[in-house]
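The values are calculated or read from the model by the stated rules, or taken from the named source; none is laboratory data. Not measured: the values here are computed from a predicted model. Here the Cβ is made from the backbone with ideal geometry for all residues, glycine too, and neighbour counts use every protein chain on show.
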Amino acid sequence: MATVTLKPTKTPTIMFEAFNITPDAFAGKTPAQIAALEGREGKIKVTIGDFFEVSGSPGATAAETDIVIAGDCSRVKYIGNKMTAGSITVNGNADMYVGGWMKGGKIHVKGNVHSFCGIGMEGGDILIDGKAENYVGCAYRGDWRGMKDGTIRIKGSAGNDIGTFMLGGTIIIENNAFIHVSTHAEGGTVIIKGDVEGRVGGQMVKGDIYILGKVQYMLPGFKKIEVVEKEVDGVKGTFDHYIGDLGERHPKSKGKEIFANLYVKAAA
């Protein structure tokens, strides 16, 4: 795989909207052409070369292109925006919208990410070694189409509104989360290996949630129906199985209502 390395040379005064840092945009270009690709800093048009030193060569296609960002991107937004193939590695933190609307490929951030990671995601894989802020795998504000496919794995903790309006795919939080998990979801799977404060599955129609820790405040719209044995992301355990949100309208299959599933690890 051909590799392009971006080395940060300057910290943006506001935020750098780097929507062209993708294998799709880099494929087949020279380092000078990559450096000339456009971005935004507020209302001002800027280029990748204003903030990064570009070296190496991309592949002829996105699938043959690997991007390595050799430094912190805490003030760089939209890394991997709408990418379809290839890979991106960030050796540091990244700002909002990592992997937003991506359709394929892989993104690995070795630090933390800000909010809206994987927003509107349609495919591919995102791995975050640190923590994530709010709105992981959610819909754009005002839209009802959240994450449709792919996998997001956060090794640290996450904030609120995980999987809002989620339609498909998988989100795994390996530590704790705050509130609002899979709100309005109509599909997909969310796995939280730590604790959640509450508001889990509010107005959820379809999909699955697995909580391997504790839910401090359960919503009244979920009803416990059974105790089951499950293996979830390599962890075996006994789970209390709830269905809901009972306050919502649910589709029917062969005359039987389909509910969302919430599995909470049973107390020892």
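For segment 67-97, the set of residues classified as out of contact with any Lys or Arg (no Cβ under 6 Å at 6 or more places or on another chain), in a strand (DSSP E or B) and closer than 18 Å to LYS7 by Cβ consists of ILE67, VAL68, ILE69, CYS73, VAL76, ILE88, THR89, VAL90, ALA94, listed by residue number.
The residues listed here are ASN81, ASN91; of these, the one that is touching a residue at least 24 places away in the same chain (Cβ under 8 Å) and either of a type in the set (S, T, N, Q) or surrounded by 20 or more Cβ atoms within 10 Å (Cβ to Cβ) (or both) is ASN81.
Just wondering, is there one or more residues in segment 128-138 that are small (Gly, Ala, Ser), in a strand (DSSP E or B) and within 10 Å of the chain's Cα centre (by Cα)?
From segment 128-138, those small (Gly, Ala, Ser) are 130, 132, 137; that's our starting set.
Going one step further and asking which of them are in a strand (DSSP E or B), we end up with 132.
Filter again for within 10 Å of the chain's Cα centre (by Cα), leaving 132.
So far as segment 128-138 goes, yes, one or more of its residues are small (Gly, Ala, Ser), in a strand (DSSP E or B) and within 10 Å of the chain's Cα centre (by Cα).
Among strands (runs of 3 or more DSSP E) entirely within segment 1-52, having at least 2 residues that are surrounded by 14 or more Cβ atoms within 10 Å (Cβ to Cβ) and either in contact (Cβ under 8 Å) with a residue 60 or more places away in the chain or not charged (D, E, K, R) (or both) singles out 2-8, 44-47. I'm trying to understand the selection: among the residues of segment 143-185, which are buried (at least 20 other Cβ atoms within 10 Å of the Cβ), not β-branched (Val, Ile, Thr) and not in a loop (DSSP other than H, G, I, E, B)? Result: ALA177, HIS180.
Taken over segment 196-242, the criterion of being of a type in the set (A, V, I, L, M, F, W, C), in contact with a strand residue (DSSP E or B) (Cβ under 6 Å, 6 or more places away or on another chain), over 24 Å from GLY156 (Cα atoms) and surrounded by 19 or more Cβ atoms within 10 Å (Cβ to Cβ) is satisfied by MET204, VAL205, PHE222. Filtering segment 85-114 to residues that are within 19 Å of ASN20 (Cα to Cα) and either among the polar types (S, T, N, Q) or at pLDDT below 95 (or both) leaves SER87, THR89, ASN91, ASN93.
Sort out which residues of segment 215-268 are of a type in the set (A, V, I, L, M), assigned to a strand (DSSP E or B) and either within 18 Å of ILE179 (Cβ to Cβ) or in contact (Cβ under 8 Å) with a residue 60 or more places away in the chain (or both), and write them in order of number. Quick ask: steps written out before the conclusion?
Quick first cut of segment 215-268, residues of a type in the set (A, V, I, L, M) only: 215, 218-219, 225, 227-228, 232, 235, 243, 246, 258, 260, 262, 264, 266-268.
Retained after the next criterion (residues that are assigned to a strand (DSSP E or B)): 215, 225, 227-228, 232, 235, 243, 260, 262, 264.
Result: VAL215, ALA260, LEU262, VAL264.
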